[in-house]
Structure formats: structure tokens, C-alpha cells
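Got a structure for you, written out below as C-alpha cells; questions coming shortly.
Every number here is computed from the coordinates shown, using simple stated rules; none is lab data. On a predicted model such as this, the values are computed, not experimentally measured, just so you know. Here Cβ is always computed from backbone atoms with ideal geometry, including for glycine, and neighbour counts include all displayed protein chains.
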Amino acid sequence: MCRTDLHIVDGELQHPKLPLIPGHEVIGTVARIGAEPSRYRIGDRVGVPWLAWTCDECAFCRSGRENLCDRAKFTGYDLDGGYAEFVVADARSALPIPPRLGDVEAAPLLCAGLIGYRALRLAGNGERVGFYGFGASAHIAIQVARHRHQEVYAFTRPGDRRGQEFARGLGAIWAGSSDQRPPEPLDAALIFAPVGALVPVALAAIAKGGTVVCAGIHMSDIPSFPYETLWGERVLRSVANLTRKDGEEFFAVAEEADVRTVTKAYPLESANTALEDLREGRLEGAAVLVP
């Protein structure tokens with residue numbers, strides 16, 4: 001996250017050369033607008049999400065699935081991100097930030113929130129939903145699920161009592177370890193942890209006709225499992241990035257549900273400390289880096 005000034009432009013963004021400036025959940029104020037007409041004005045506060053640019057020409061883009069664009073570019077990965085004084089952003093991808101949210105509070109919505117929302121939407125409208133891994137995405141998605149009157153069952157790494165208490169505090173009706181079975185068969189399961197071994201575990205926890213959604217960009221290898229675990233019209237699918245429609249819908253739902261984020265802010269120079277805290281499970285919610 002970065003509280004910075006933004007140059008808003010329309011049209012293709014050029015792939016940068018290394019070194020690359022990271023930072024992919026960016027909050028800033030529009031400082032300059034490009035030559036093309038824009039929905040933003042100088043002084044507007046906007047967010048720059050993970051999906052920074054798409055071609056708008058391929059079959060995926062033309063069908064509203066720009067999240068699958070083969071030429072897509074990503075903030076802080078293909079394009080310079082938010083750990084800077086200024087960021088160049090495509091106005092088509094930028095999202096207006098609700099006034100009720102501070103910069104630090106809003107930042108996790110731009111990736112963790114959006115991916116959690118898309119995963120929840122693709123999981124369907126079943127009554128009982130399991131969350132495997134309860135961190136930045138899950139603690140936002142549970143608020144949306146509760147707004148949709150869904151029951152959430154939270155699974156954490158074995159022995160993570162703190163994470164289980166965190167989930168219960170946000171409304172999970174059951175919380176336990178990932179090696180436990182839920183008290184009731186689930187209608188869907190979202191896997192936020194990048195652990196491939198959880199895929200057959202989640203499939204075994206859902207009822208026939210249920211859906212398991214893998215919500216991460218990367219995941220360790222999925223072990224083999226018997227076809228019986230998948231049989232019964234169970235569905236296994238992944239989530240790739242987000243669409244502009246996802247962003248518009250999610251921020252509207254987040255306002256309706258009064259979504260709040262739990263964050264811990266770190267100065268930019270303490271980025272390695274934030275990563276270590278995340279790795280060791282010392283965080284509740286999301287870490288936010290503030291330059």
C-alpha cells in the first residue's frame with residue numbers, strides 16, 4: 001500500500017525495465033490526468049488493484065473476462081507499483097475509494113478483498129462455506145458471506161488457536177484445524193492457503209454438487225487422490241485475478257455490508273519484518289506497508 005500521487009492515463013502501458021518498483025495495493029490521490037477523457041479528476045482518491053492493464057482486444061477482454069487476458073500486466077509485477085512518490089495507473093482499472101475508509105484500512109480491499117469476493121462469488125450461493133486459511137482475504141470475505149446470510153466454517157493451520165479465535169470473532173460459526181472435518185458437509189470451500197494438499201481435504205469436506213475454489217496465484221503441488229473424492233458432480237476450480245466488474249460489484253457490496261479491515265501498518269523499511277510476521281502467523285488480518 002502507498003499513499004501517493006497518481007498519474008491517470010488511458011491506453012496501453014509499456015512494460016518497464018528492471019529494476020521494478022513493487023507494491024500492488026495502492027491508495028493515492030490523482031495528481032495528473034492523461035490526454036484521453038477520464039472519469040476521475042485531480043484530487044480524487046483512488047485505488048490501483050493487482051490487475052493494472054489489459055489489451056481490450058482479445059476474445060477474453062471482449063467477453064468481459066479481461067482477468068484472463070494473455071497480455072495483462074500487473075501492478076508491482078509487470079508495472080511499477082506503489083512504493084514510490086508517484087504511480088502511473090490506467091484509469092480503466094483504478095477504483096474510487098469510499099470516503100469512510102482510511103488509506104491503511106482501504107488498501108487490503110484492492111487485492112485480498114477483490115480476490116476473496118471473486119472466489120466467494122464463483123463458489124455459488126450455498127448455505128455452508130468453508131474457508132481454508134484465515135488471513136487477509138478470508139477476514140474480508142467472511143464479512144461479505146455473512147451479509148449474504150451464509151454460514152462460514154474456518155480452517156486454520158493445526159494449533160493456530162489465535163487464528164481460530166479471530167475467525168469466530170468475525171462470525172464463523174465453527175473454527176478448527178485444517179486436519180479436522182467440519183461438523184456438517186459444506187456446500188462450498190475456498191482455499192486461501194497456498195497448500196495443494198488442502199485440495200483433496202476440501203473436496204472430502206463438501207457435499208455432492210459442491211464447489212472448491214483455489215483462490216491463490218501460486219499453490220504447492222496437489223497430491224493425487226481417488227476419483228471418488230471428486231465424484232458426485234463436485235467442482236474444482238481456480239480464481240485468476242479479477243475483472244473491472246468484480247471491482248465495481250465488490251466495492252458496492254462492501255459499502256452495503258460495512259466491511260472493515262483489520263490491519264497492522266509497517267513503515268516501508270520494515271517490509272521484511274512484515275513478511276516474517278506473516279510467515280510465522282503473528283498477523284491478524286492484513287499487513288500494510290506505509291512509505
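Can you show me the helix-derived [θ] at 222 nm for the chain, built from DSSP H runs with n ≥ 4 at -39,500 (n - 2.57) apiece and divided by the number of residues, rounded to the nearest 500.
Dividing the helical sum by the residues of the chain leaves -7000 deg cm²/dmol.
Residue 206's amide H: which non-local residues (gap 5+, or another chain) put their own amide H closer than 5 Å, with H modeled 1.01 Å from N in plane and none for Pro or chain starts?
186
Between 270, 177, 93, find the one with the highest GNM mean-square fluctuation for the chain; connect C-alpha pairs within less than 10 Å.
Top of the fluctuation ranking is 270.
In whole Hz and in residue order, list the ³J(HN,Hα) couplings for the stretch 179-186 that follow from phi through the Karplus curve 6.51 cos²θ - 1.76 cosθ + 1.60, θ = phi - 60°; x for Gly and Pro.
Once θ is set to phi - 60°, the couplings for the stretch 179-186 become 8, 9, 8, x, x, 10, x, 8 Hz.
Using a 7 Å offset from the Cα along the Cα-to-Cβ direction at both residue 262 and residue 41, what is the distance between the two label points in nm, to one decimal?
3.9 nm
Name the residue, out of 197, 172, 154, whose mean-square fluctuation peaks in a Gaussian network model built on the chain with Cα pairs under 10 Å.
Evaluated over the chain, the most mobile residue of the options is 197.
Mind checking the full-extension length gain between residue 149 and residue 235? Use 0.36 nm per residue of separation minus the Cα-Cα distance, one decimal, nm.
Values: separation 86, 0.36 × 86 = 30.96 nm, distance 2.23 nm.
Contour length minus Cα-Cα distance gives 28.7 nm.
Further question: Please state, to two decimals, what the Cα-based radius of gyration of the chain comes to when divided by 2.2 N^0.38 Å (N = residues).
The value comes to 1.00.
Then there's this: Normalised by the residues of the chain, what does the relative contact order come to in percent, with Cα pairs under 8 Å and at least six apart?
Across the chain, relative contact order equals 18 percent.
For the stretch 186-291, just say rounded, prolate or oblate: build the C-alpha gyration tensor, square-root its eigenvalues into a ≥ b ≥ c, call rounded for a/c under 1.5, and beyond that prolate if a/b exceeds b/c, oblate if not.
Judged from the Cα gyration tensor, the stretch 186-291 comes out oblate (a/c at least 1.5, b/c at or above a/b).
Scan around residue 88 for amide H atoms under 5 Å from its own, H built in the peptide plane at 1.01 Å from N, and keep only partners 5 or more places away or cross-chain.
The list, which skips near neighbours in sequence, is 7.
May I pose another question? Radius of gyration and Dmax for the stretch 142-223's Cα atoms, expressed in Å?
Taking only Cα atoms of the stretch 142-223, I get Rg and Dmax of 12.4, 35 Å.
If you build a Gaussian network model of the chain, linking Cα atoms that sit under 10 Å apart, which residue out of 54, 273, 211 swings the most?
Top of the fluctuation ranking is 273.
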